[in-house]
Amino acid sequence: MACSSPPGQAGSERLPELLARVSAGETRAFAELHTLTRGRLRRIALAVGASPHDVDDILQDSFLKIWRNAARFDSARAPATAWMSAIVRRTAIDHLRTRRRPSVELDKALLVPTAAGPSPAEDFDYASAEPIARGALDRLPEDRRRLVALAYLEGESRASLSRRFGVPVGTIKTWLHRTIVAMRKDCLAASAAA
């Protein structure tokens with residue numbers, strides 16, 4: 001009988017390969033990398049002291065840095081999770097410094113425990129949820145659909161969206177929040193009806 005890997009380990013073993021593919025510009029590899037790591041990286045940003053309201057911005061900036069610097073990853077120097085975690089920690093600390101908020105010591109951030117088993121996000125069936133999410137996205141007004149696509153699919157920052165739409169950053173955040181809440185309700189209703 002073959003010995004099975006602990007939950008989540010198979011995904012961690014794929015990270016160097018995914019980073020190599022990301023460095024070649026493969027968006028599907030980046031999407032898979034994002035899916036496999038976003039939960040852990042979110043916990044790291046929170047452990048550094050980021051507010052839950054700022055975590056999405058920090059993760060967006062971090063994943064952009066991972067996308068742009070994937071070619072610099074060297075598995076001989078560090079595991080992929082450590083390399084990506086360091087990017088998230090530095091991004092979160094920089095964010096806290098610009099906000100002039102006190103941050104916890106970096107040593108405490110390094111002690112973030114990992115879950116023994118897969119997180120609920122790792123158990124989520126993305127394949128069956130995709131058509132529901134696409135339907136909810138298609139039902140949005142054109143300007144909100146464009147805003148969501150630019151923010152979450154193109155990785156455009158809130159400041160850039162503010163300039164593009166000619167409104168304050170706070171308004172962009174409010175629009176995104178309300179749109180995501182509406183989409184969540186739409187998705188829940190669609191999945192209940194299915």
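Rounded to the nearest 0.05, what FRET efficiency do VAL167 and ASN69 have when you use their Cβ-Cβ distance and R0 = 25 Å?
With R0 = 25 Å, the Cβ-Cβ based efficiency is 0.20.
Counting Lys and Arg as +1 and Asp and Glu as -1 over every other residue whose Cβ lies under 11 Å from the Cβ of ARG158, the net charge comes to -2.
Model label sites at ALA86 and ARG14, defined 7 Å from Cα along the beta-carbon direction, differ in position by 2.5 nm. A 1.4 Å probe run over the range 49-93, with the rest of the protein chains in place, finds 50 Å² accessible per residue. Distance between the 7 Å Cα→Cβ label points at ARG178 and ALA31: 2.9 nm.
Mind pulling the per residue volume of the convex hull built on the Cα atoms of the range 59-101? Å³ is fine. Intermediate values should be presented prior to the final figure.
Numbers: hull volume 2.8 nm³, N = 43.
Given the Cα convex hull of the range 59-101, per-residue volume reads 66 Å³.
Distance from the alpha carbon centroid of the range 137-194 to that of the range 25-40 works out to 21 angstrom.
Using the Cβ-Cβ distance between TYR152 and ALA78 with R0 = 22 Å, the FRET efficiency computed as 1/(1 + (r/R0)^6) comes to roughly 0.20.
Around SER62, under 14 Å between beta carbons, what's the net of Lys plus Arg minus Asp minus Glu among the other residues? Spell out each step's value before the answer.
Numbers: positive: ARG38, ARG40, ARG42, ARG43, LYS65, ARG68, ARG89, ARG90; negative: ASP54, ASP56, ASP57, ASP61, ASP94.
With Lys, Arg at +1 and Asp, Glu at -1, the neighbours total +3.
The values are calculated or read from the model by the stated rules, or taken from the named source; none is laboratory data. This one's a predicted model, so the numbers in the text were calculated from it and none came from an experiment. Every residue, glycine as well, gets a Cβ built from its backbone with ideal geometry; the counts of neighbours run over all protein chains shown. Each accessible area value is taken on the protein alone, full model and side chains, heavy atoms only, with ligands, DNA and RNA left out. Shrake-Rupley method; radii C 1.70, N 1.55, O 1.52, S 1.80 Å.
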